[in-house]
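Worksheet: one structure, shown below.
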Amino acid sequence: QYATTYEWRVICKNDTCSGTPVATWSFTTEQDPGLTTLFFEDFTAGIGNWTITDNGGTPTCLWSIHQASEYTMPTTAVGNVLAADVDACGTGSTLLSTATYNNPIDASLYSIVNLEFDNDWQALDADDFGYVEVSVDGGTTWTAIRTFDGTDVRNTHEVVNISSFVALQSFRLRLRSVQPGWDWWW
């Protein structure tokens, strides 16, 4: 199988064995060379590929570009990240904001579609939510494919299979943050 880690060890079968534990070896197979990247965003060009919407935060506190080093992210996350960081907006702020990718993502040729991203969800309380959402009707309706709630989910590389929502069609992608108090960040 592609991208799979296998382990093995040698077990003594004869009566001349010492009974001491043996080492375990492992290897990971290569990624499937048939994989195709439909969309990649590292925010080196800024936020120009995204439409940022204020959904009622006070004062206005929106998604913005930050450095990955400001957060607890996987070591592979370097450079710019898109963050909904209400903590950076100051005391008494709320962050109710949506970041929508401007271009439709064409998955019309693919029956298996995964969305991968690095993540640091630092919630303050049960009122905090972060949503990764997709739309297959041009943005009229949205379906949450990953929800973060009042429980922290930090330092993760997320892989979400979104095939059942978007396979064999074009779709839109958005990130929606609901942080109704001077909370932390996503």
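The values are calculated or read from the model by the stated rules, or taken from the named source; none is laboratory data. For clarity, every value in this text was computed on a predicted model and none was experimentally measured. Glycine gets a Cβ as well: all are built from the backbone with ideal geometry, and neighbour counts include every protein chain shown. Just so you know, the surface numbers come from the protein's heavy atoms only, side chains and all, with ligands and any DNA or RNA stripped out. Shrake-Rupley method; radii C 1.70, N 1.55, O 1.52, S 1.80 Å.
Scanning residues 5 or more positions from residue 114 or on other chains, those with amide H under 5 Å from its amide H are 162, with H placed 1.01 Å from N in the peptide plane. Under a 5 Å amide H cut-off, with hydrogens placed 1.01 Å from N, residue 154 pairs with 121 among residues at least 5 apart or on other chains.
Net charge around residue 183, counting only other residues with Cβ within less than 9 Å of its Cβ (Lys, Arg = +1; Asp, Glu = -1)? Every neighbour counted, the sum reads -4. For the pair residue 5 and residue 170, a Förster radius of 30 Å applied to the C-beta separation gives a FRET efficiency near 0.30, rounded to the nearest 0.05. Seen through its C-alpha gyration tensor, with square-root eigenvalues sorted a ≥ b ≥ c, the range 108-166 comes out oblate because a/c lies at 1.5 or above while a/b is not bigger than b/c.
Measuring between their Cα centroids, the range 95-127 and the range 25-82 lie 9 Å from each other. Local charge for residue 78 was computed over the other residues whose Cβ lies under 11 Å away, with Lys and Arg +1 and Asp and Glu -1, and equals -2.
At the residue level, residue 78 shows approximately 110 square angstrom of accessible surface with a 1.4 angstrom probe and all protein chains present. The chymotrypsin sites (Phe, Trp or Tyr not before Pro) of the range 43-148 meeting both criteria, a DSSP state outside H, G, I, E and B (loop) and at most 16 other C-beta atoms within 10 angstrom of the site's C-beta, are 110. Using a probe radius of 1.4 angstrom, the carbon and sulfur fraction of the accessible surface of the chain is 51%. Give, as ranges by residue number, the residues of the range 100-115 whose backbone N falls under 11 Å from the point 7 Å along Cα→Cβ of residue 32. Answer for this model: 110-114.
The residues of the range 20-139 expose, per residue, 54 Å² of accessible area to a 1.4 Å probe. Each residue of the range 155-163 was assigned a 3J(HN,Hα) from its phi angle through the Karplus expression (A = 6.51, B = -1.76, C = 1.60, θ = phi - 60°), giving 6, 10, 9, 8, 10, 10, 7, 10, 4 Hz with x at Gly and Pro. Under a 5 Å amide H cut-off, with hydrogens placed 1.01 Å from N, residue 57 pairs with 96 among residues at least 5 apart or on other chains.
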